[in-house]
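Asks: Dropping the structure in here first, questions after.
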Amino acid sequence: MFKILNSINSPQDMRILSKEERELLAKEVRELIVNTISRTGGHLAPSLGAVEIVIALHYCLNTPYDKIVWDVGHQAYAHKILTGRRDKFKTIRQFGGLSGFPNINESEYDTFTVGHGSTSISSALGLAKARDIAGEAYKVVAVIGDGSLVGGMALEALNHAGRSNTNILIILNDNEMSISPSVGALSKYLNKILINPTYNKIHKDLEGLIKRVPWYGFRAYRAAKKLEESVKGLLIPGMLFEELGLRYIGPIDGNNLEELIATIDSALRLDGPILIHTLTKKGKGYALAEKHPEKFHGTAPFDIGTGEVRDAQPDPVKSFTEAFSDAIMDIARENPKVAAVTAAMSDGTGLDEFHKAYPDRFFDVGMAEQHAVTFAAGLAKGGLMPIVAIYSTFMQRSYDQIVHDVCLQNLHVVLCLDRAGIVGEDGPTHHGLFDIPYLRHMPNITIMAPKDQSELKAMLKFAVDGCKGPVAIRYPRGKIVAPPVLEATAPISCGKAEVMSKEGELAILAVGSMVWPAAAAAGLLFNEGIRTSLINVRFIKPLDEELLKNLASKTNRFVVVEEGVLEGGFGSAVMEFFERENIDDISVKRIGLPSKFIEHGKKSELLKNYGLDAQGIAAEIKKWRR
């Protein structure tokens with residue numbers, strides 16, 4: 001099927017190709033990516049834009065001896081294909097198949113397992129320093145996108161790299177900026193001078209010669225250096241990097257393979273920290289992705305001809321994210337002090353409609369979760385009512401800010417943690433398994449988990465109007481189709497659980513997304529003569545202590561079901577309560593996720609594999625009850 005790609009089993013095979021064959025290889029790699037992701041879903045547009053960067057790096061480097069460190073990694077599909085995983089690429093993001101991100105357990109070419117942004121420069125710089133201390137000679141390259149570069153961690157790493165005097169190459173993959181032809185031509189010409197070996201040798205020799213001139217040497221050098229920087233400042237849009245101590249090269253066309261190869265090859269011969277600024281086309285090679293890169297950033301399986309999601313059927317049941325979007329719009333209409341904050345996830349968190357309706361109250365701070373939370377604290381201190389919508393796995397990055405800037409100040413900030421629990425195909429870097437343990441020990445915070453989309457709306461309204469101080473609401477990806485219930489849902493009251501069924505030989509305490517699976521499990525147990533009471537806990541913190549005491553007077557057997565890691569989870573809180581209250585002879589069975597990084601796969605199959613579907617919950621209870 002592929003003339004060139006089928007012969008590439010490792011980067012070594014690629015290094016013998018002619019210019020024409022390299023160009024054809026890039027085209028064939030794109031074709032494979034589009035054909036595969038149209039069937040499996042995945043991060044299409046970022047990987048299409050970075051194909052030439054991948055080819056150029058592996059062509060110029062001696063990988064895996066030389067190291068490439070990816071940031072986020074959603075642009076690394078071509079990297080996977082060209083490093084011995086071509087034939088397995090059809091399994092990407094499928095259970096038991098290739099990860100959607102670089103993974104150290106998958107290939108020696110994957111230097112780090114990644115999935116979060118702004119990390120590559122830090123880890124690459126550490127790797128380069130370790131290399132220097134060990135007296136080794138391998139090259140280290142960090143690849144980072146313009147979105148990740150705004151993160152505080154990336155800027156901290158740039159600051160360190162610039163004063164490190166360490167040989168490290170940073171590739172800035174910029175698929176958002178544009179550049180005028182005139183500036184591009186001047187910059188291209190100047191770049192040729194700056195990376196020319198002869199120029200750099202003369203530059204260094206002259207520097208040494210001028211400094212040796214008695215009395216006036218250092219003055220002359222400083223004056224010449226200032227003149228050089230002034231000229232570069234007129235012609236190069238990268239003086240920020242120069243001021244930080246990095247040699248800046250660019251912008252260059254990141255989709256021009258031969259220009260990339262020549263630039264990278266020359267830059268690798270220079271000493272010190274260097275940044276190459278590349279301009280790439282997100283979605284390049286697939287017209288629909290080029291036109292709508294945001295739609296194809298992360299996509300479900302789609303029809304290549306139309307770009308439409310395959311087998312998409314109208315669904316009257318809204319997802320949790322859509323329910324959140326509706327709820328915050330309703331609240332904002334009534335309350336002019338409500339503001340929304342997110343970190344480069346406006347669409348993913350359901351805030352696009354809010355942005356359109358209330359642009360003055362909407363803040364997308366970029367890939368900077370720490371700043372997002374402390375910024376929200378400032379909004380709250382100034383009298384606004386901030387709602388911060390961030391995925392659970394990314395909220396981890398704001399741990400200290402939640403502690404120090406929100407909880408310590410006891411500010412009324414509402415943290416909405418989308419994608420809590422298992423998220424599916426994106427795997428271990430994106431599962432939201434740790435938010436209950438990392439939040440519930442914080443003083444002053446209230447934590448809620450809705451059983452379905454309707455309850456999420458009620459909880460968000462209560463968080464804004466019925467609470468004081470910090471509030472967190474965790475909810476899963478996708479939707480839960482709630483079974484019809486005879487009784488109306490009880491109103492939300494602070495720290496109070498919802499009793500869904502009363503009498504039973506044991507009590508099931510279900511958290512959020514596990515309420516309806518636990519209810520189905522209770523039905524299976526009832527059919528076998530096992531009666532249970534079912535509690536929708538609603539509040540992870542504070543506990544409904546009155547209810548727990550009342551239940552303990554009727555049964556000594558409790559089952560806690562939660563979609564999160566067990567250590568430090570809600571089950572631990574229940575056990576701590578009984579111990580603290582000296583309520584003896586209580587047996588607690590915790591059902592949740594183990595302390596491990598959960599693999600990728602469809603959410604339904606992962607829940608089943610870990611016993612968090614109705615059948616699994618019922619089976620675990622029966623086994624424990626014996």
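Asks: For Thr555, put the label point 7 Å out on the Cα→Cβ axis and report which residues of the range 583-620 keep their amide N under 20 Å from it.
Replies: Those under the cut-off are 583-592, 612-620.
Asks: Quick one: length gained pulling Arg580 to Ile530 fully straight, 0.36 nm per residue minus the C-alpha distance? All intermediate terms of the calculation are to be shown ahead of the outcome.
Replies: Details: separation 50, 0.36 × 50 = 18.00 nm, distance 2.98 nm.
Here the answer is 15.0 nm.
Asks: Next question. Using only Cα atoms, find the angle between the long axis of helix 19-40 and the longest principal axis of the chain, and express it within 0 to 90 degrees, rounded to the nearest 10.
Replies: So the inclination is approximately 10 degrees.
Asks: For the chain, find the longest principal axis of its Cα atoms and tell me its angle to the long axis of helix 181-194, 0 to 90°, nearest 10.
Replies: Relative to the chain, helix 181-194 is tipped by roughly 70 degrees.
Asks: In what order do Asp71, Asp544 fall by count of nearby beta-carbon atoms within 10 Å, going from fewest to most?
Replies: Numbers: Asp71 33, Asp544 22.
Lowest to highest Cβ neighbour count: Asp544, Asp71.
Asks: Please report the relative contact order for the chain, taking Cα pairs under 8 Å with a sequence separation of at least 6, and give it as a percent rounded to a whole number.
Replies: Details: 1205 pairs, mean separation 71.8, N = 626.
It comes to 11 percent, rounded to a whole number.
Asks: Taking Cα pairs under 8 Å and at least six residues apart, what relative contact order does the range 498-625 come out at, in percent?
Replies: Numbers: 198 pairs, mean separation 36.5, N = 128.
Once normalised by length, the contact order is 28 percent.
Asks: Using the Karplus equation 6.51 cos²θ - 1.76 cosθ + 1.60 (θ = phi - 60°), what ³J(HN,Hα) coupling, rounded to whole Hz, does each residue of the range 453-463 give in order, writing x for Gly and Pro?
Replies: Once θ is set to phi - 60°, the couplings for the range 453-463 become 5, 4, 5, 4, 4, 5, 5, 5, 4, 5, 4 Hz.
Asks: How much length is gained on full extension from Asp271 to Asp465, taking 0.36 nm per residue of separation minus their Cα-Cα distance? Don't jump to the answer; show the numbers that get you there.
Replies: Details: separation 194, 0.36 × 194 = 69.84 nm, distance 5.87 nm.
Using 0.36 nm per residue and subtracting the Cα-Cα distance, I get 64.0 nm.
Asks: Please work out the FRET efficiency for the pair Asn256 and Cys494, using the Cβ-Cβ distance as r and a Förster radius of 60 Å; give the result to the nearest 0.05.
Replies: Numbers: r = 60 Å, r/R0 = 1.00.
With R0 = 60 Å, the Cβ-Cβ based efficiency is 0.50.
Asks: Based solely on its DSSP helices, what 222 nm [θ] is calculated for the chain when runs of n ≥ 4 H residues each add -39,500 (n - 2.57) and the sum is averaged over all residues, nearest 500 deg cm²/dmol?
Replies: On the way: 25 runs with 253 residues, N = 626.
Taken over the chain, the calculation gives -12000 deg cm²/dmol.
Asks: Would you mind checking the pairs Lys356/Lys457; Lys129/Lys281; Lys337/Lys479; Lys3/Lys295; Lys337/Lys461; Lys479/Lys623 and listing those with alpha carbons more than 25 angstrom apart? Intermediate results must be reported in sequence, preceding the final value.
Replies: On the way: Lys356/Lys457 20 Å; Lys129/Lys281 33 Å; Lys337/Lys479 29 Å; Lys3/Lys295 31 Å; Lys337/Lys461 14 Å; Lys479/Lys623 30 Å.
Listed pairs above 25 Å: Lys129/Lys281; Lys337/Lys479; Lys3/Lys295; Lys479/Lys623.
Asks: On to the next question. Under the rule a/c < 1.5 gives rounded, and otherwise a/b versus b/c splits prolate from oblate, where does the range 100-164 land using the Cα gyration tensor? Walk me through the numbers on the way to the answer.
Replies: Working: a/c = 2.57, a/b = 1.02, b/c = 2.51.
Oblate.
Asks: Pull out the extension gain between Asp360 and Asn444, defined as 0.36 nm times the separation in residues minus the alpha carbon to alpha carbon distance; nm, one decimal. Write out the running numbers ahead of the final one.
Replies: Details: separation 84, 0.36 × 84 = 30.24 nm, distance 2.94 nm.
Gain in length upon complete extension: 27.3 nm.
Asks: Taking the Cα of Tyr138, stepping 7 Å toward and past its beta carbon, and measuring to each backbone N in the range 76-106: which are under 15 Å?
Replies: Output list for this probe position: 103-106.
Asks: Right, here's the next one. Cα extents of the range 320-474 along the three principal axes, largest first, in whole Å?
Replies: 38, 32, 29
Asks: Output the 0 to 90 degree angle, nearest 10, between the alpha-carbon long axis of helix 570-580 and the longest principal axis computed from the alpha carbons of the chain.
Replies: So the helix axis and the longest Cα principal axis differ by about 60 degrees.
Asks: Here is a further query. Which value, in debye to the nearest 20, gives the size of the charge dipole of the chain about its Cα centre, when Lys and Arg are +1 and Asp and Glu are -1 at the Cβ? Can you show the working numbers first?
Replies: On the way: 72 positive and 75 negative charges, 182 e Å.
For this selection, approximately 880 debye.
Asks: What's the ranking of 575-581, 87-93 by average number of surrounding C-beta atoms within 10 Å, highest first?
Replies: 87-93, 575-581
Asks: Which whole-angstrom value gives the distance between the alpha carbon centres of the range 524-577 and the range 375-428?
Replies: Each part's Cα centre sits 26 Å from the other's.
Asks: Continuing with the same structure: Which distance in nm do the two modelled labels at Arg333 and Ser454 give, with both placed 7 Å along the Cα-to-Cβ direction?
Replies: 2.0 nm
Asks: If R₀ is 60 angstrom, what is the calculated FRET efficiency for the pair Lys19 and Asp315, using the beta carbon separation as r and rounding to 0.05?
Replies: On the way: r = 50 Å, r/R0 = 0.83.
Efficiency at R0 = 60 Å is approximately 0.75.
Asks: A further question on this structure: Classify the chain as rounded, prolate or oblate from the Cα gyration tensor: take a ≥ b ≥ c as the square roots of its eigenvalues, call it rounded if a/c is under 1.5, otherwise prolate when a/b beats b/c and oblate if not.
Replies: Working: a/c = 2.26, a/b = 1.82, b/c = 1.24.
Prolate.
Asks: Next up: Mind sorting Tyr475, Tyr610 by how few other Cβ atoms lie within 10 Å of their own Cβ, fewest first?
Replies: Tyr610, Tyr475
Asks: Still on this structure, please answer the following. Given a Förster radius of 30 Å and the C-beta distance between Phe95 and Glu322 as r, what FRET efficiency does 1/(1 + (r/R0)^6) yield to the nearest 0.05? It would help to have the intermediate numbers written out before the result.
Replies: Values: r = 26 Å, r/R0 = 0.88.
Rounded to the nearest 0.05, the efficiency is 0.70.
The numbers here are math on the coordinates, done by the rules we state, and not lab data. Note that this is a predicted model, so its numbers are computed, not measured. Backbone-built Cβ (ideal geometry, glycine too); neighbour counts: all protein chains shown.
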